[in-house]
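No lab work stands behind these numbers, since they all come straight from the coordinates. Because the structure is predicted, anything quoted here is derived from the model rather than measured. Reconstructed Cβ throughout: ideal geometry from the backbone, glycine too, with neighbour counts over all protein chains shown.
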Amino acid sequence: MTDILYAKALVQVLRESVEHDDRVHLMGQYFLGLTHHREMMAEIRDNYPERVYYPPIAEVGYVGAAIGAAMAGLRPIVDIATASFIFQAFPQVVNEAANIYYMSGGKTKVPMVFHFNQGIRGGGAAQHSHSPQAMLWNTPGLEIIAPSTPADVLGLVRTAVASDNPTAWVDHIKLFDVTGPAPEDANYSIPFGVADVKRKGSDVTLVATSWMVQKTLAAAERLAEQGIDAEVVDPRTLVPLDETAILESVSKTRRLVVADECHRRCGVAAEIVAIVAEEAFGDLAAPIRRVTADDVPVPFSPPLEEYIEPTEDKIVAAALSVTS
Amino acid sequence: MLPDLPGDQLVEQLRLMLVIRRFEEALIKLAADRDIGHFHVYIGQEATGVPALSLLRDGDFTFTTHRNHGHILARGADPARMLAEILGKETGYNRGKGGTLHIASLEHGFPTTSAATGGCIPLATGAAFAFDRRGVDNVSVCLLGDGALEEGSWHESVNIAALESLPIIYLCENNSLEALGQKAGEYPSSTMAAAPLTDLASIYKMPAIAIDGTDSAEVYTTMKTAVERARAGEGPTFIEARTVRWPGNRPLWPQLLTGETDVAMMWDDDAIPAEHAAWHRTNDGLLTFGRLLLADGHTIASQIGEIDAAVTKLAEDAVQFALDSPYPAPEEALADVFA
């Protein structure tokens, strides 16, 4: 294990995917958003120019084309850039890709990956700050991965590229600067549906995905200073979801806080707490708490944005409220 | 005029047209007795689909629409399994998961069928993208109605196809006009400001050709050029095949307003009823095709009668097979979400 930058791990796994399988094509070019890391994509562009497609500004067209290409022998990794743009492609993602295998009666496979950078990125305002994973979770037929560390992005994307199903890769530009240990084994992969306990603890279970995992780990350290031993569970994939790991943690700590960048109503947190309420109500010693974005469009002004955002402070406060 | 093909192949094309016609008629009759939900039939467009799709080969992909029955039958699908799918039976092509709107058969080159208007256009373009990048000479055919040109997906996709010079043929079957409109030379889709519809493709710098969809020779020749162009890596083509809407398609639910087709109308003018005489005489491409085959001596009335009897039996057997087939087990609803 050596420490590696998340952005570097992302480029590494894309490059290896292209390198190892002729069928893998990158469609779209903003995997690293407009961050300064984006120049790292040049190594793929320069070495495999015929495998990187620069589409017109036409999300329903090129994302749909990636779906069509997946049925005709390619394994595209299509980049939708800012997650809010997936709405331009929704007819193809939700009404075509997710349905094709089922509608065909299990005949036609759609092996592809949809990558997008979701969440409140700072100054994105209402039209560049969406977290569409809950909407996608409400769409049967899509696998959903949400890596939170360099090791996880390597391991989960390898599995996603090998999968015969359309897979949404929920990413976050704030993760790009995270550094962490990553296995050097080129065959390292993470099976879908296996949660990772990112921090062991006994007093309260904190569940989070993607960038919220990093915030939650920081919140857990602050809680430790106050004598609260929090366990941080990262499901890593929403579809399939490792319900067992969440329920086992809750049965141990008897307390649950879910941190999520989706809006509160029908968000990812809403689904996770519903599962716990149905399956483990008797284990709970305190009400469940959700730390989410408020149910308003995301505002531009920094103090307004911070006010509605699920922050580290809010996670700490929620955990204290269920453990005091 | 007839397609420039040997007589036996032309007779086979007539047979396929009749398979489609008798299949759709049987379906309409079946729907009179029971509620099988909404469906769309291909009657009146057989002379477009059969010659056009006869140019495809293994590995080529076709993407069709809600009006898919005729296209899939034209590529040789089994009418019995088609009807079973339409009735939601276990023996259907998609084991009842798709139904009339989503019949898919990979072995016939139909990987998925989208019934969302314009939904097939990006998918078909993407299949062509894959053929191009894989360096194979397969082609993708995107069948669409004139209404799909109103969707944004058309413009986004055709731009990509043109820029990348993809091996695709956009075959638009414009069935939006009735006979009077056609005579008056009107062709635009009813809610499209652009006219003619070929303007919507020619601005993207590709061949854009309007043809008479009931003229099998014109369909075949134009499609042949387009397919050869695509296989040679020379890029996409747009074809608008103009057909007259079959009167039975005018109601929300199709009705046999023109009666069951009497093949004798190909050789016996007295067999043509007064009502809808214009339809039978000039607008029905299938009857026109049969008359041309007879005129050119490729077949005789008795042979057409025999073919018709055989395909009528095929359709009847298909209905019986579909009716006799079991429904899938209810819990099958939970299967096939993921590969």
Centre separation in Å (Cα based) which lies between segment A:83-142 and segment A:201-261: 25
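Around A:GLU43, under 13 Å between beta carbons, what's the net of Lys plus Arg minus Asp minus Glu among the other residues?
Numbers: positive: A:LYS8, A:ARG15, A:ARG38, A:ARG45, A:ARG51; negative: A:GLU16, A:GLU19, A:GLU39, A:ASP46.
Result for the neighbourhood of A:GLU43: +1.
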Over 31 Å (Cα to Cα) - which of A:LYS8/A:LYS107; A:LYS8/A:LYS200; A:LYS107/A:LYS200; A:LYS198/B:LYS97; B:LYS97/B:LYS205; A:LYS215/A:LYS252 fall in this group: A:LYS8/A:LYS107; A:LYS107/A:LYS200; A:LYS198/B:LYS97; B:LYS97/B:LYS205
Which distance in nm do the two modelled labels at B:GLU275 and B:ASP4 give, with both placed 7 Å along the Cα-to-Cβ direction? 4.4
State, to one decimal in nm, how far the label point of B:GLU332 lies from the label point of A:ASN95, with both points 7 Å from Cα in the Cβ direction. 2.7
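Considering Cα pairs under 8 angstrom that are at least six residues apart, work out the relative contact order of chain B and quote it in whole percent.
Working: 647 pairs, mean separation 80.5, N = 339.
Dividing the mean separation by the residue count of chain B yields 24 percent.
Quickly estimate the mean residue ellipticity at 222 nm for chain B, helices only: each DSSP H run with n ≥ 4 gives -39500 (n - 2.57), and the total goes over all residues, rounded to 500.
Numbers: 11 runs with 137 residues, N = 339.
Only helices count here, giving -12500 deg cm²/dmol.
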Let me know the Rg and Dmax you get for chain B when you use only its Cα atoms, in Å. 19.4, 57
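Give the dimensionless ratio obtained when the Cα radius of gyration of the protein assembly as shown is divided by 2.2 N^0.38 Å. Intermediate results must be reported in sequence, preceding the final value.
Numbers: Rg = 28.5 Å, N = 663, 2.2 N^0.38 = 26.0 Å.
Normalised Rg, Cα atoms only: 1.10.
What FRET efficiency do you get for A:MET1 and A:THR244 if R0 is 35 Å and r is their Cβ-Cβ distance, rounded to the nearest 0.05? Walk me through the numbers before you get to the answer.
Values: r = 27 Å, r/R0 = 0.76.
It comes to 0.85.
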Could you tell me what % of all Cα pairs in segment A:2-182 have separations over 27 Å? 20
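Given R₀ = 35 Å, FRET efficiency for B:ALA194-A:GLN127 by Cβ-Cβ distance, to 0.05? The partial results should precede the final answer.
Details: r = 30 Å, r/R0 = 0.85.
With a Förster radius of 35 Å, E is 0.70.
Over segment A:2-182, what is the percentage of antiparallel beta bridges among all DSSP beta bridges, to the nearest 5?
Working: 4 of 21 bridges.
Close to 20 percent.
Compute the Rg to Rh ratio over chain A from the alpha carbon atoms, using the Kirkwood formula for Rh, and round to two decimal places. Let's see the in-between values first.
Working: Rg = 19.2 Å, Rh = 19.9 Å.
Rg/Rh: 0.96.
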Write out the trypsin sites (Lys or Arg not before Pro) in segment B:1-108 meeting two conditions: DSSP loop, and at most 16 other Cβ atoms within 10 Å of their Cβ. B:ARG34, B:ARG57
To the nearest Å, what is the center-to-center distance of segment B:128-180 and segment A:150-174, using C-alpha atoms only? 32
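Give, rounded to the nearest 20 debye, the magnitude of the charge dipole that segment A:2-182 has about its Cα centre when Lys and Arg contribute +1 at Cβ and Asp and Glu contribute -1 at Cβ. Show your work: numbers first, answer last.
Working: 12 positive and 17 negative charges, 53 e Å.
Roughly 260 debye for segment A:2-182.
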Please arrange A:TRP169, B:TRP267, B:TRP279 by counting, for each residue, the other beta carbons lying within 10 Å of its beta carbon, fewest first. B:TRP267, B:TRP279, A:TRP169
Rounded to the nearest 0.05, FRET efficiency between A:ASN47 and B:ILE203 (Cβ-Cβ, R0 22 Å) equals 0.05
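Out of segment B:211-312, which GluC sites (Glu not before Pro) are coil in DSSP terms and have no more than 15 other C-beta atoms within 10 Å? Please list the in-between numbers first.
Numbers: sites: B:GLU218, B:GLU228, B:GLU234, B:GLU240, B:GLU260, B:GLU275, B:GLU306; in loops: B:GLU234, B:GLU260, B:GLU275.
Those that pass, being in a loop and sparsely packed, are B:GLU234, B:GLU260, B:GLU275.
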